[in-house]
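See structure below.
The values are calculated or read from the model by the stated rules, or taken from the named source; none is laboratory data. The model shown is predicted, which means the values in this text are computed figures rather than measured ones. So basically every Cβ, Gly included, is an ideal-geometry build from the backbone, and we count neighbours across all protein chains shown.
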Amino acid sequence: MPGERVPEDYIDRLVEFWPEPREQLHFGGWSATYELVEKLNLDKTDDLLDICCGEGGTACWLAKKYRRRVSGIDALERAIVKARECAKNENVEDRTTFKVADIFDLPFQDSSFNVVYGQDPDGLAHQERVEIFRECRRVLRPNRKIGFQHWLPHANTPQEDLEYFEKVTVGTGYPYMTRLCVTDYIEDLKAGGFVNIIVDDLSEMYMNHALKIQKIFHEKDQPIDTWHGMLIELYDKGIKIGVRIIAESK
């Protein structure tokens, strides 16, 4: 059940207004990465899978700094080419593997990994993500963790604001990105074979990041793009968006 293809120039377009380094194309940049590493003990764990890994910045950093074995998958062939170049430049080719892959059909054997992690993994936003979580569970060893940060509305989001969030997300080119409230993810994680689900509030970090994006658009004398503009609107209303979710495989 593959999702729609993401344009190959997606990263190039995003990075133009991104307030963090190119190798950290997720909200919060390196600070959010360090928090995820701490929460999941990635510095002490081998056999990691980075879903929607982008150009491999985090995976190569983990492999170099902590000498971890890390695999990364992404739907964008251009991103995987860059990730492999990064691994070569950082001299971690022997500890990293990068593959172009469909997140619904991970190219790994059962029980291959100790941790699956992601940083704003857009692939998880697919409305049929139960099947994705089942795939993540399949490649995880028993009693191991999945952890990711994501741009999700919180559980107490009013229905009209949640509908607006999803309408804009769908309207900006991703018709399969629905059921985006954190409660949907909790429900789907359980259906996919995960337990002991913990949700951390990252809304302040996400809001500050969105404001930085808005500032860059202003400095370039351009109107902010529709999706990030929608985030600013909702933050101005007091709506919380942005979480980190950690769960354990059965």
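What's the number of the condition Val130 fails, among (1) buried (at least 22 other Cβ atoms within 10 Å of the Cβ); (2) under 16 Å from Ile246 (Cα atoms)?
The one condition Val130 does not meet is (1).
Taking Pro121, is it within 17 Å of Trp227 (Cα to Cα) and not basic (Lys, Arg)?
yes
May I ask you to verify whether His209 is modelled with pLDDT of 95 or more, surrounded by 18 or more Cβ atoms within 10 Å (Cβ to Cβ), part of a helix (DSSP H, G or I) and of a type outside the set (A, V, I, L, M)?
Criteria met by His209.
Please pick out the residue among Tyr235, Tyr174 that is surrounded by 13 or more Cβ atoms within 10 Å (Cβ to Cβ) and at pLDDT below 95.
Exactly one residue qualifies, and that residue is Tyr174.
Do we have Val70 as modelled with pLDDT of 95 or more, buried (at least 23 other Cβ atoms within 10 Å of the Cβ) and closer than 26 Å to Ser111 by Cβ here?
yes
Across region 234-250, what is the number of residues that are under 25 Å from Gly173 (Cα atoms) and without any contact (Cβ under 8 Å) to a residue 24 or more places away in the chain?
Summing the residues that are under 25 Å from Gly173 (Cα atoms) and without any contact (Cβ under 8 Å) to a residue 24 or more places away in the chain in region 234-250 gives 1.
Among the residues of region 75-85, how many are out of contact with any Pro (no Cβ under 9 Å at 6 or more places or on another chain) and surrounded by fewer than 21 Cβ atoms within 10 Å (Cβ to Cβ)?
6
May I ask you to list pairs of residues, at least six apart or on different chains, whose Cβ atoms are under 8 Å apart, with the first in region 53-70 being of a type in the set (Lys, Arg) and the second being part of a helix (DSSP H, G or I)?
Lys65/Asp43; Arg68/Leu42; Arg68/Asp43; Arg68/Leu62; Arg69/Ala63
Quick one: which of Leu189, Leu152 is modelled with pLDDT of 95 or more, under 22 Å from Leu106 (Cα atoms) and either surrounded by 16 or more Cβ atoms within 10 Å (Cβ to Cβ) or over 18 Å from the mean Cα position of the chain (by Cα) (or both)? Before the answer, list the steps.
Numbers: Leu152 fails: under 22 Å from Leu106 (Cα atoms).
Result: Leu189 is the single residue among Leu189, Leu152 that is modelled with pLDDT of 95 or more, under 22 Å from Leu106 (Cα atoms) and either surrounded by 16 or more Cβ atoms within 10 Å (Cβ to Cβ) or over 18 Å from the mean Cα position of the chain (by Cα) (or both).
Please list, ordered by first then second residue, the pairs with beta carbon atoms under 7 Å, 6 or more apart or interchain, first in region 96-124 and on the phi > 0 side of the Ramachandran plot and without any contact (Cβ under 8 Å) to a residue 60 or more places away in the chain, second outside any loop (DSSP other than H, G, I, E, B) and surrounded by fewer than 20 Cβ atoms within 10 Å (Cβ to Cβ).
Final answer for the pair search is Ser111/Arg141.
Could you identify the single residue in Val100, Val116 that is aliphatic (A, V, I, L, M), surrounded by fewer than 17 Cβ atoms within 10 Å (Cβ to Cβ) and either out of contact with any Cys (no Cβ under 7 Å at 6 or more places or on another chain) or closer than 23 Å to Ala191 by Cα (or both)?
Of Val100, Val116, the one residue that is aliphatic (A, V, I, L, M), surrounded by fewer than 17 Cβ atoms within 10 Å (Cβ to Cβ) and either out of contact with any Cys (no Cβ under 7 Å at 6 or more places or on another chain) or closer than 23 Å to Ala191 by Cα (or both) is Val100.
Just to be sure I understand, how many residues within region 21-53 are under 15 Å from Asp120 (Cβ atoms), in a loop (DSSP other than H, G, I, E, B) and at pLDDT 95 or above?
5
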